[in-house]
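A.B. asks: Below you'll find the structure I mean.
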Amino acid sequence: MSSPIVLTRDGSLTLRSRRYGQTFHSEYGAKTEALHVYLEGGLIRQTLKANGRVHILEVGFGAGLNFILTAALARQLGGQLRYTALDQRIPHADTLEALRYGATASMPDVWEAFLAWCRTYQSTVPDGRYSLTPAAHCHLQLIIGDATDAKLPVNRVDTIYLDAFDPRCNPALWTEPFLAALYNCAAPGGRLVTYSAAGAVRRGLSKAGFQVERRPGPPGKRHCLRGRKPS
């Protein structure tokens, strides 16, 4: 059964999870939240300008909005994007097509290439590790299955997008051991950004080793968090 599509206040679309009873992105503005929390909070523009490339790890690929917006920025700046994403499952290609994220990010070619790959599976994409190159500047490694069992890169990732569902309904991806595993993924000086500002998340990130700060949140949310791995 497909997830209901929700029109958010900035005109972009998101999905509501039937399992968790939450939207994938904020109803106050899906695109606005993604840009503020993840791309701006994760200093993606600055990293691309400084290095000409960026390596992202996303926990909670969802419907791919963070990915396509990051790919759009990388192309705009002439940089290379390596994007590793974890999720238990992703929506069906028909649902993804209805979200129109190619238009939202002005990246129709990359989005269509991703949809074409999704359509090679009759229903949902089965568990596994998949490598895609939807554009010359962009490599996507999609890991479908239990994120806590995934083999992750070590000391390599510039920015981690922690975009799992709320800790109250999906606690496995916010535990201290999993946050410590994410810390090990980050390169020295790397960052972790998340929409959550919960005290338990802040303490867990600090215990893992991140230097944590609260940032102003996107519309509808007072704060969000950013952690930095010491150089």
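The values are calculated or read from the model by the stated rules, or taken from the named source; none is laboratory data. Because the structure is a prediction, the values reported are computed rather than measured. Because the Cβ atoms are built from the backbone with ideal geometry, glycine has one as well, and the counts that use them run over all protein chains shown. In case anyone asks, the SASA skips ligands and DNA or RNA and just uses the protein heavy atoms, side chains included. Shrake-Rupley method; radii C 1.70, N 1.55, O 1.52, S 1.80 Å.
A.B. asks: Which of the residues spanning the range 104-139 are closer than 24 Å to residue 31 by Cα, within 18 Å of the chain's Cα centre (by Cα) and assigned to a strand (DSSP E or B)?
C.D. replies: Answer for the range 104-139, where residues must be closer than 24 Å to residue 31 by Cα, within 18 Å of the chain's Cα centre (by Cα) and assigned to a strand (DSSP E or B): 132, 133, 134, 138, 139.
A.B. asks: Now, a different point. With the requirement that a residue be assigned to a strand (DSSP E or B), out of contact with any helix residue (DSSP H, G or I) (no Cβ under 7 Å at 6 or more places or on another chain) and without any contact (Cβ under 8 Å) to a residue 40 or more places away in the chain, what does the range 148-192 give you?
C.D. replies: Result: 190, single match.
A.B. asks: Can you confirm whether the range 91-105 contains a residue that is of a type in the set (Val, Ile, Thr), farther than 24 Å from residue 9 by Cα and surrounded by fewer than 21 Cβ atoms within 10 Å (Cβ to Cβ)?
C.D. replies: No: zero hits.
A.B. asks: If residue 31 meets every condition in (1) open to solvent by less than 10 Å² (accessible area, probe 1.4 Å); (2) under 21 Å from residue 3 (Cα atoms) apart from one, which number is that one?
C.D. replies: Of (1) open to solvent by less than 10 Å² (accessible area, probe 1.4 Å); (2) under 21 Å from residue 3 (Cα atoms), only one is false for residue 31: (1).
A.B. asks: Among (1) touching a His at 6+ places or on another chain (Cβ under 7 Å); (2) more than 21 Å from residue 17 (Cβ to Cβ); (3) touching a residue at least 40 places away in the same chain (Cβ under 8 Å), which single condition is residue 218 missing?
C.D. replies: (2)
A.B. asks: Another question, if that's okay. For the range 34-58, how many residues are in contact with a Lys or Arg (Cβ under 8 Å, 6 or more places away or on another chain), among the charged types (D, E, K, R) and buried (at least 16 other Cβ atoms within 10 Å of the Cβ)?
C.D. replies: Of the residues in that region, 0 qualify.
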